[in-house]
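Presented below is the structure to which this report refers.
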Amino acid sequence: MASPKHFLDLSAVSSMDLRSMMDDARSRKQATKAGTADKPLAGKMLAMIFEKPSTRTRVSFDIAMRQLGGGALTLNHMDLQLGRGESVADTARVLSRYVDGIMIRANAHATLLELAKYATIPVINGLTEKSHPCQVMADIQTFEEHLGPIEGKTVAWVGDGNNVAVSWMHAAVRFGFKLRLACPKALFPEDEAVEWVKREKGDVEIGTDPERAVKGADCVVTDTWVSMGQSDADERKKMLAPYAVDEKLMRKAAKNAIFMHCLPAYRGHEVTEDVLEGPQSVIFDEAENRLHAQKAILAWCFGA
Ligand code: CP
Ligand code: NVA
């Protein structure tokens with residue numbers, strides 16, 4: 001049996017496939033709005049396992065499956081035997097007998113990889129502590145809607161070098177854009193991602209100066225200072241205070257630069273209210289595009 005097409009990380013999928021998913025996301029959005037969308041996943045079911053909370057990922061995957069003609073089950077891990085110690089490997093093999101794909105939001109990336117190792121159906125990363133590839137697919141779609149092809153453009157990441165930042169690093173290599181990150185030294189992205197980018201010869205610069213990162217950038221991105229599952233909130237807030245995105249910082253970016261945040265946002269912390277609600281902000285387009293980008297990801301995984 002051919003091995004299933006998992007969507008685990010942008011680094012694990014070819015540029016060609018990611019580009020064709022991006023084009024598919026754009027046409028699926030247009031078709032949905034025009035009322036002409038097809039239903040290539042009729043009769044297919046997606047199981048969605050959540051080990052952490054979610055609004056966007058939960059709703060957009062569920063609606064994506066329905067718009068594609070299929071359905072989805074939301075499974076809180078504490079309601080599964082998984083929550084009482086049944087192994088990931090057994091869970092993967094049991095679910096593979098019932099449904100056609102699994103999306104998981106996992107506390108540990110290792111759980112995602114274990115699930116993918118044992119499942120005989122596609123597994124999708126709906127966020128782990130290490131990465132959030134579905135989010136960044138929606139973000140690239142959003143960027144291109146506003147500013148055209150992302151290839152050769154410059155994106156600035158300001159704040160925590162977290163899971164979303166790592167998926168942006170993967171994306172910079174796969175989609176061929178420049179990425180400038182400004183993070184406190186203690187919160188630089190993890191070595192594995194930095195090494196991967198180096199091996200792939202990506203145009204990714206990591207430093208500590210927000211102004212340097214943002215200067216002339218086409219897009220400024222940030223995220224919460226305290227991700228789900230992190231307990232050192234006070235220390236992080238202290239370290240990240242100089243990395244808040246405000247109007248003054250946005251003025252260093254290109255004139256027509258856009259501002260992105262995957263949400264949920266914490267106003268007055270990583271971003272000021274005026275930037276988040278201002279004319280450069282495209283945060284709700286990003287949220288909307290989760291739906292369309294994920295339809296393209298699901299269609300790719302299911303071979304539809
Ligand atoms: N951006 C994002 O993944 O949001 P949720 O945590 O609400 O799914
Ligand atoms: N970095 C955040 C993203 C939330 C969508 C977290 O992991 O909590």
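The values are calculated or read from the model by the stated rules, or taken from the named source; none is laboratory data. Treat the numbers as computed from the prediction; the structure is a model and nothing was measured. Counting neighbours? That spans all protein chains shown, and the Cβs are built from the backbone with ideal geometry, glycine included. Ligands, DNA and RNA are stripped out before the accessible areas are found, and what is left, the full protein with its side chains, is counted by its heavy atoms. Shrake-Rupley method; radii C 1.70, N 1.55, O 1.52, S 1.80 Å.
General remarks:
- Residue that is least open to solvent (accessible area, probe 1.4 Å), among those in region 227-284 that are basic (K, R) and touching a residue at least 24 places away in the same chain (Cβ under 8 Å): R236
- Test: residue in region 99-122 that is part of a strand (DSSP E or B), open to solvent by 30 Å² or more (accessible area, probe 1.4 Å), out of contact with any Pro (no Cβ under 8 Å at 6 or more places or on another chain) and farther than 16 Å from K295 by Cα: no
- Of the listed requirements (1) open to solvent by 10 Å² or more (accessible area, probe 1.4 Å); (2) in contact with a Lys or Arg (Cβ under 8 Å, 6 or more places away or on another chain); (3) in a helix (DSSP H, G or I), V166 misses just one: (1).
- Residue match in region 68-84 (condition: farther than 17 Å from A106 by Cα and of a type in the set (A, V, I, L, M, F, W, C)): yes
- Looking only at region 123-147, and only at residues there that are among the charged types (D, E, K, R) and within 15 Å of ligand 2 (Cβ to nearest atom), the one that is most open to solvent (accessible area, probe 1.4 Å): E129
- Region 39-81, subset basic (K, R) and within 16 Å of ligand 2 (Cβ to nearest atom), residue surrounded by the most Cβ atoms within 10 Å (Cβ to Cβ): R56
- Of the set (1) open to solvent by 50 Å² or more (accessible area, probe 1.4 Å); (2) touching a helix residue (DSSP H, G or I) at 6+ places or on another chain (Cβ under 8 Å); (3) closer than 16 Å to V155 by Cα; (4) not in a strand (DSSP E or B), all apply to E205 but (4).
- Within region 31-56, tally of residues that are within 21 Å of D79 (Cα to Cα) and not charged (D, E, K, R): 9
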